[in-house]
1. Compute the distance in nm between two label points, each set 7 Å from the Cα along the Cα-to-Cβ direction, one at A193 and one at S122.
2. For a label point 7 angstrom out from the Cα of N76 toward its Cβ, which stretches of the stretch 165-184 have the backbone nitrogen within less than 18 Å?
3. Given a 1.4 Å probe and the protein chains all in place, what does the accessible area of C149 round to, in Å² to the nearest 10?
4. Working only with C-alpha atoms, what are the Rg and Dmax values of the stretch 50-92, expressed in angstrom?
5. Taking the Cα centre as origin and putting +1 on Lys and Arg beta-carbons and -1 on Asp and Glu beta-carbons, what dipole magnitude results for the stretch 1-71, to the nearest 20 debye?
6. For the stretch 130-205, run through the GluC sites (Glu not before Pro) and keep only the ones in DSSP coil with at most 15 other Cβ atoms within 10 Å of their Cβ.
7. Given 37 °C and 0.692 mPa s, compute D for the stretch 84-127 with the Stokes-Einstein relation, Rh being the Kirkwood radius over Cα pairs; round to the nearest whole µm²/s.
8. Where does the stretch 1-160 land on the Kirkwood hydrodynamic radius, alpha-carbon pairs, in angstrom?
Amino acid sequence: MSPMNKVIDRIAAYYSNWNVITMLDVMAFDYWQISNNYPVQEIYDYKECRNQLSSQTLRKIESNHDSPRLDLKEINAIVKDYPFQLPTELLDLYQRGNGCLPIGLDDSSKNWNSFDNYIDFSFIGNSSFLPLSQAMDMYQSLAEDKKYCPSIDLRWFPINCYEERILAIVGSEQQQETGAVISFYDVEYIPEAEWSSLTGMLSAFIEIRERELKHPEDESEIDIVYQKYGRQGNLEW
């Protein structure tokens, strides 16, 4: 099993012990708000909003989203215009969760086509990694912007965007197991090193959750975890 799949299993096992808000709960909540024209007095109980929708509506909601998992053929079709090789850790990630991560370990009794078996694993603010099609759209926008901003490196492949700051993994001419994770603002394009690998980044964030570390009280302990898994930047997002 690859290091990325090991950390995904770690995340999946952690969330299987909690009554979590699933991806389908979030989608149902968003649908409910749009259907009700974003009422002033919002309902913040995701489960309550979901219970107001029929099973037919829930199936329709799921069908309007990309698959929660991708196989290699689907991944290659989406990123065919990316002129470099993505690291295998990123390919492993998207085969297990396309912008989301599984709840519980793989077994034949679970329907892995249902977003009810996935969680939005937020690691920067309230933001998780991007579904691959959105990541590719953002990459193509970067490629267009390079015409006016030569400092953009076409190896940068976006995986997250939060408040105008983009997190990206760096591809290569020859495929590597891991790739460096950097960040930059979408108006300056000045890269800052963040992590030595995507696997290390996710490992750090799940360990912080497992250890129930709180910021800022446990800031020194959090920093120890970050350094353990290859943090390179300050992560002040």
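1. Here the answer is 3.0 nm between the modelled labels.
2. Those under the cut-off are 172-177.
3. 30 Å²
4. Taking only Cα atoms of the stretch 50-92, I get Rg and Dmax of 15.6, 46 Å.
5. Working: 7 positive and 9 negative charges, 42 e Å.
Once rounded to the nearest 20, the dipole reads 200 debye.
6. Values: sites: E144, E163, E164, E173, E177, E188, E192, E194; in loops: E163, E164, E173, E177, E188.
Of the GluC sites (Glu not before Pro), the ones in loops of the stretch 130-205 whose Cβ has at most 15 other Cβ atoms within 10 Å are E163, E164, E173, E177, E188.
7. It diffuses with D of about 278 µm²/s by this estimate.
8. On the way: mean 1/r = 0.0577 Å⁻¹.
It is 17.3 Å.
The values are calculated or read from the model by the stated rules, or taken from the named source; none is laboratory data. Remember, it's a predicted structure, so these values are computed and weren't measured experimentally. All Cβ positions, even for glycine, are placed from backbone atoms using ideal geometry, and neighbour counts span all protein chains on display. Just so you know, the surface numbers come from the protein's heavy atoms only, side chains and all, with ligands and any DNA or RNA stripped out. Shrake-Rupley method; radii C 1.70, N 1.55, O 1.52, S 1.80 Å.
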